[in-house]
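Structure first, commentary second.
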Amino acid sequence: MQRGLLGIEGMERADIELVLETAFHMKEVGQRDVKKVPTLRGRSIINLFFEPSTRTRTSFEIAGKRLSADVINFSSSASSLSKSESILDTAKTLDAMDPDAVVVRHQVAGVPKRIADELAAPVINAGDGAHEHPTQALLDLMTVVEEKGRVDGLCVAIIGDIAHSRVARSNIHGFLTMGAEVRVAGPPTMIPARVEALGVKAARSLREALDGADVVMALRIQGERLSGAAFPSIREYAATFGLDRAKLRFAQDDAIVMHPGPVNRGVELSHDLADRRPSVILDQVRNGVALRMAVLYLQAGRRARAQEPR
């Protein structure tokens, strides 16, 4: 596996399979009475989060601590960034403290890559702008494998704000690499131009996207990245692209429903569908800890082993 994890695009199938296999082993740790192993004892992991986060930041922190690593959570508001220090100077300062991995989340696409170019420690992208969110896609793949036993040959429908979603981009790359058929649907203003060049099918309606789908993923409207009105109203969006049990009947009988969170209830998903099967939203959250444990182990653990004296 390559040093660092900046995106799913270009990631080999064998590397994805390695991460998933490792994550399933890590999940067993979370089922113990004492949820801790000494795998990364003495190693340091820095969480550099320049953008608000609940699930991703918390799961990376829990993942590091379950591996016995020292986890340092960086707060941009309480740092020298408030004194006009540049992001790269901040990153270089932290890198001089010899961490074993740095997790970066930023509202601007490309920042994790720019930081990775300057740091000795491997960098893990926890989401950058509308670019990618690789660990979210990996935990989504893990959840599908857990539910369906495979990804190869499945039909995956991704519904919503495709154009502004880093989750959509990473999942498209991930599911296609693992052999799934991927369809996308949403308001025309939320579907990227030439999206089919990525290898997906752009459905003309929600029903077309759902027809025979094995996996249905709803996405949050990225309001913070919209520069203007992308659809007439929330009510119309919910009526046209919001998922409920009546619309889900066009998918396979055993289709699962996913959402990366946070969920806008009554918009992307009905309350009933968000809370009960076939929703696997909480399984995604649970798998997020195991998956991020796997990524930290494969990145920080590898660097640690390389530094050990012979």
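The values are calculated or read from the model by the stated rules, or taken from the named source; none is laboratory data. This structure is a prediction, so every number in the text was calculated from the model and none was measured. A quick note on method: Cβ atoms are made from the backbone with ideal geometry, for glycine too, and the neighbour counts reach across all protein chains shown. These area figures cover heavy atoms from the full protein model, side chains too; ligands, DNA and RNA do not enter into them. Shrake-Rupley method; radii C 1.70, N 1.55, O 1.52, S 1.80 Å.
Identify the single condition in (1) closer than 30 Å to Val123 by Cα; (2) open to solvent by 10 Å² or more (accessible area, probe 1.4 Å); (3) outside any helix (DSSP H, G or I) that Arg204 does not satisfy, given that it satisfies every other one.
(1)
For Ser68, are the conditions met, namely being part of a loop (DSSP other than H, G, I, E, B), touching a strand residue (DSSP E or B) at 6+ places or on another chain (Cβ under 9 Å) and either of a type in the set (Val, Ile, Thr) or under 23 Å from Arg286 (Cβ atoms) (or both)? Break it down stepwise before answering.
Values: part of a loop (DSSP other than H, G, I, E, B): yes; touching a strand residue (DSSP E or B) at 6+ places or on another chain (Cβ under 9 Å): no; either of a type in the set (Val, Ile, Thr) or under 23 Å from Arg286 (Cβ atoms) (or both): yes.
Against the criterion (part of a loop (DSSP other than H, G, I, E, B), touching a strand residue (DSSP E or B) at 6+ places or on another chain (Cβ under 9 Å) and either of a type in the set (Val, Ile, Thr) or under 23 Å from Arg286 (Cβ atoms) (or both)), Ser68 does not qualify.
Just to be sure I understand, how many residues within the stretch 168-193 are touching an Asp or Glu at 6+ places or on another chain (Cβ under 7 Å) and open to solvent by 20 Å² or more (accessible area, probe 1.4 Å)?
Residues meeting the conditions: 3.
Filter the stretch 128-150 down to the residues that are open to solvent by 10 Å² or more (accessible area, probe 1.4 Å) and either free of Cβ contacts under 8 Å to residues at least 12 places away in the same chain or charged (D, E, K, R) (or both) and list them by number.
If the condition is that a residue be open to solvent by 10 Å² or more (accessible area, probe 1.4 Å) and either free of Cβ contacts under 8 Å to residues at least 12 places away in the same chain or charged (D, E, K, R) (or both), then Glu146, Glu147, Lys148, Gly149, Arg150 are the ones that fit.
Among the residues of the stretch 88-113, count how many are in contact (Cβ under 8 Å) with a residue 12 or more places away in the chain, on the phi < 0 side of the Ramachandran plot and part of a loop (DSSP other than H, G, I, E, B).
6
Looking at (1) under 16 Å from Glu268 (Cβ atoms); (2) surrounded by fewer than 20 Cβ atoms within 10 Å (Cβ to Cβ); (3) hydroxyl-bearing (Ser, Thr, Tyr), which one does Ser165 not meet, given that it meets all the others?
(2)
Looking at Ile158, Ile221, which one is hydrophobic (A, V, I, L, M, F, W, C), part of a loop (DSSP other than H, G, I, E, B) and in the same structural domain as Val267 (by TED's automatic domain parsing)? Reasoning before the result, please.
Values: Ile158 fails: part of a loop (DSSP other than H, G, I, E, B).
That would be Ile221, the only listed residue that is hydrophobic (A, V, I, L, M, F, W, C), part of a loop (DSSP other than H, G, I, E, B) and in the same structural domain as Val267 (by TED's automatic domain parsing).
On the basis of being small (Gly, Ala, Ser), without any contact (Cβ under 8 Å) to a residue 60 or more places away in the chain and in contact with a Leu (Cβ under 9 Å, 6 or more places away or on another chain), does Ser170 make the cut?
Values: small (Gly, Ala, Ser): yes; without any contact (Cβ under 8 Å) to a residue 60 or more places away in the chain: no; in contact with a Leu (Cβ under 9 Å, 6 or more places away or on another chain): yes.
In short, no.
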